[in-house]
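The values are calculated or read from the model by the stated rules, or taken from the named source; none is laboratory data. Only a predicted model underlies this, so the values are computations on that prediction, with no experimental measurement involved. Heads up, the Cβs are rebuilt from the backbone with ideal geometry, glycines too, and the neighbour counts pull from every protein chain shown. Side chains included, ligands, DNA and RNA excluded: accessible areas come from the protein's heavy atoms. Shrake-Rupley method; radii C 1.70, N 1.55, O 1.52, S 1.80 Å.
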Amino acid sequence: MNHNKIAFITCVNDESSYVKSLDYIKKLQVPEGMEVEIIEIKDSLSMTSAYNEAMKKSDSKYKVYLHQDVYIQNPNFINDILNIFKNDANIGLIGMVGAKVIPVSGIWWEDHLKVGKVFDSHRGSIELLNFNEVTELYTEVKAIDGLIMITQYDLPWKEDIFNGWHFYDLSHSIEFAKKGLKVVVPNQQTAWCLHDCGYVNTTNGFEEFRNKFLDNYSKDIFPLVSILIPAYNQTNYLEEALNSALNQSYRNTEIIICDDSTTCDVQNLVNQYMIKSNKIKYISNGGPSGLKGQINIGKCFTAASGEYISYLLHDDLFNSNKIDKMINYFLYDPTLSLITSYRKMINKNGDYLNDNFRTICQYPNDICLTGDEAGRKILFSMINYIGELTTAMFKRKSVDFDIIDYDKYKIYCLSDISLWLKLLRKGNMIYISEPLSKFRIHESQNTYDEIFTFWASIDFFNMIISSYENNVFIKDRQELIESLMAWYKEYAGDLIRFSNKYNNDSKKDAEIMKLRDEYINCHTRFINILLE
């Protein structure tokens, strides 16, 4: 390897553009002791095959891979890039523009944090594309654009995968990062290069290679998301749910199914899917775990490995872009602990039902709420506007070990609201206005269990009290009374219905007796607080 040599490598199919590019290269200032090598590759089937061929021909330590229509404007270009490489031996790759974050689409220019500058004609005329400024000598990025890619180490280009003209640049960026080498964009007072590319062609295999890039590199660049499905004794809806999890456009997922079933139906169904996909992990609990499925919810969480968690109840559905949309927000905002969205309601046949969820939320566009704002909205309205477990996604490290109960208070049915409030103590929330999931309404749900709705009032009361005791969401006695009055207005009818049920049902019913004791305790505390 010749450390005093720099090669300019171009894949050529337009001689006139290349001749002009060469004229600019020949005008560059060459540092004393450095030798310039020019390599032209013609009749290539792909950019990667051309670059691999040239790389094998050259013993230059430094290589500049540039498009035939790139004209280097900076006369001190060679010295400037050598200065960057010599500043840090861990820098492997330099580009003029690049992405600080690779969006879930895999399209680098959709990154709103992208950096660098270049004169460019992709909209039909030459204009300066001036992205976020680089204030130091250089800044690290996740990927650079392929108009010009400068290396000081040789890595093979992935021509077995990217045998065309798209996404070879992002692939090479990731390959350098996998080797522990930095990818950077330099500080440019004025743009170093002009790229006279004309209108960008995103039809000639662009989508094919975008999907190849995501298929091959999602695990390297995006966080793992655990989709958790607590299952119990039904497969008709479960099969639809499982398909919606497997068909996510976001690639880096695992699917955990924890099964409370008393039959083998769920296991038999899942086994068929596990033959086709290695994403699925099945856990049999040997029967019901207890608390109407809540313990199973916790078991799913314990089994998960993902940095982010998204529950999918076995009768609900994800839209194919649910994980994509939510993760893209998480990638850009470390203050977020929770993301939710509008969701649609469907019946047992999958038909849409009318609902007032949009009216309740009153968020026609995507919006960010502080954790405090979002939590207070629940506790002062008595409405779970964030949605059921299927609706949201959350950051795993924002959850304490106990995913169900709320502080010292046992939660009997509102495990979703308890979880949202605990997450909102740890960070902020995004509400996405697009419907990203479907919540199924059918007769066998707990929603139709009258005892279940009675327990909901107990849970809400205890979450209000606990929030006040811990000085979160409810900050003073006046706010406590305001929230409790909202609770009483919402659940006073349940108190009456429960009294009738207690009078009519057998006193030998243990759950009824337990409910009675809890109601007596809540009512007594409610009166005492009002009288203080």
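Within the range 470-481, how many residues are assigned to a helix (DSSP H, G or I) and loosely packed, with under 14 Cβ neighbours inside 10 Å?
2
In the list Ala54, Ala50, which residue meets the criterion of being part of a helix (DSSP H, G or I), open to solvent by less than 10 Å² (accessible area, probe 1.4 Å) and either at positive phi or in contact with a Ser or Thr (Cβ under 7 Å, 6 or more places away or on another chain) (or both)?
On the way: Ala54 fails: either at positive phi or in contact with a Ser or Thr (Cβ under 7 Å, 6 or more places away or on another chain) (or both).
After applying the criteria, what remains is Ala50.
Here the range 451-469 is the region considered, the condition is being buried (at least 19 other Cβ atoms within 10 Å of the Cβ) and hydroxyl-bearing (Ser, Thr, Tyr), and the residue that is farthest from Phe526 (Cα to Cα) is Ser467. Considering the conditions (1) touching a residue at least 12 places away in the same chain (Cβ under 8 Å); (2) surrounded by fewer than 17 Cβ atoms within 10 Å (Cβ to Cβ), Ile6 is excluded by exactly one of them, (2).
Evaluating Gly98 against the criteria (1) under 24 Å from Ser58 (Cα atoms); (2) buried (at least 20 other Cβ atoms within 10 Å of the Cβ) leaves one unmet condition, (1). Just one of (1) charged (D, E, K, R); (2) open to solvent by less than 60 Å² (accessible area, probe 1.4 Å); (3) at pLDDT below 95 fails for Asp351. It is (2).
Count, please, the residues in the range 29-44 that happen to be over 11 Å from Val12 (Cα atoms) and assigned to a loop (DSSP other than H, G, I, E, B).
Number of matching residues: 6.
Considering the conditions (1) modelled with pLDDT under 95; (2) buried (at least 20 other Cβ atoms within 10 Å of the Cβ), Leu312 is excluded by exactly one of them, (1). Are any of the residues in the range 187-207 part of a helix (DSSP H, G or I), open to solvent by 10 Å² or more (accessible area, probe 1.4 Å) and touching a Gly at 6+ places or on another chain (Cβ under 8 Å)? No; the residues of the range 187-207 include none that is part of a helix (DSSP H, G or I), open to solvent by 10 Å² or more (accessible area, probe 1.4 Å) and touching a Gly at 6+ places or on another chain (Cβ under 8 Å). Screening Gly106, Gly92 for residues that are of a type in the set (Gly, Ala, Ser), part of a strand (DSSP E or B) and either modelled with pLDDT of 95 or more or closer than 22 Å to Lys27 by Cα (or both) leaves exactly one candidate, Gly92. Every condition in (1) surrounded by 14 or more Cβ atoms within 10 Å (Cβ to Cβ); (2) out of contact with any strand residue (DSSP E or B) (no Cβ under 8 Å at 6 or more places or on another chain) is met by Tyr342 except one, and the failing one is (2).
Would it be correct to say that Glu175 is within 19 Å of Ser46 (Cβ to Cβ), crowded, with 17+ Cβ neighbours inside 10 Å and free of Cβ contacts under 8 Å to residues at least 40 places away in the same chain?
Considered against the rule, which asks whether it is within 19 Å of Ser46 (Cβ to Cβ), crowded, with 17+ Cβ neighbours inside 10 Å and free of Cβ contacts under 8 Å to residues at least 40 places away in the same chain, Glu175 comes out as yes.
Pairing residues of the range 382-393 that are at pLDDT below 95 and among the acidic types (Asp, Glu) with residues that are in a loop (DSSP other than H, G, I, E, B) and open to solvent by 10 Å² or more (accessible area, probe 1.4 Å), at Cβ distances under 9 Å and at least 6 apart in sequence or on separate chains, gives Glu388/Leu313. Restricting Asp324, Asp333 to those that are within 16 Å of Ser437 (Cα to Cα), modelled with pLDDT of 90 or more and out of contact with any strand residue (DSSP E or B) (no Cβ under 6 Å at 6 or more places or on another chain) reduces the list to Asp324. Restricting attention to the range 9-40, and to residues there that are small (Gly, Ala, Ser) and touching a His at 6+ places or on another chain (Cβ under 9 Å), which single residue is surrounded by the fewest Cβ atoms within 10 Å (Cβ to Cβ)? Among those residues, the one meeting the criterion is Ser17. Would you mind stating whether Ser249 is outside any loop (DSSP other than H, G, I, E, B), among the polar types (S, T, N, Q) and modelled with pLDDT of 95 or more? The answer is no for Ser249. Among residues of the range 111-141 being of a type in the set (Lys, Arg) and surrounded by 15 or more Cβ atoms within 10 Å (Cβ to Cβ), the one that is farthest from Leu82 (Cα to Cα) is Lys114. Of all the listed residues (Ser277, Ser249, Ser226, Ser284), the sole one being closer than 30 Å to Gly180 by Cβ, touching a residue at least 24 places away in the same chain (Cβ under 8 Å) and surrounded by fewer than 19 Cβ atoms within 10 Å (Cβ to Cβ) is Ser249.
Among the residues making up the range 158-172, a single one is open to solvent by 10 Å² or more (accessible area, probe 1.4 Å) and polar (S, T, N, Q): Asn163. Across the range 109-154, the number of residues qualifying as assigned to a loop (DSSP other than H, G, I, E, B) and among the acidic types (Asp, Glu) comes to 5.
Looking across the range 141-166, the residues that are of a type in the set (A, V, I, L, M, F, W, C) and either in contact with a Gly (Cβ under 7 Å, 6 or more places away or on another chain) or in contact (Cβ under 8 Å) with a residue 60 or more places away in the chain (or both) come down to Val141, Ala143, Ile144, Leu147, Ile148, Met149, Ile150, Leu155, Trp157, Phe162, Trp165.
For the range 307-366, filtering for residues that are assigned to a helix (DSSP H, G or I), aliphatic (A, V, I, L, M) and within 15 Å of Ile386 (Cβ to Cβ) leaves 2.
Among the numbered conditions (1) charged (D, E, K, R); (2) modelled with pLDDT of 95 or more; (3) over 16 Å from the mean Cα position of the chain (by Cα), the only one that Asp196 does not meet is (2). Of all residues in the range 367-399, those satisfying the criterion of being closer than 25 Å to Arg477 by Cα, open to solvent by less than 20 Å² (accessible area, probe 1.4 Å) and not in a helix (DSSP H, G or I) are Leu369, Met382, Tyr385. For the range 403-447, the tally of residues that are open to solvent by 30 Å² or more (accessible area, probe 1.4 Å), of a type in the set (Val, Ile, Thr) and outside any loop (DSSP other than H, G, I, E, B) stands at 1.
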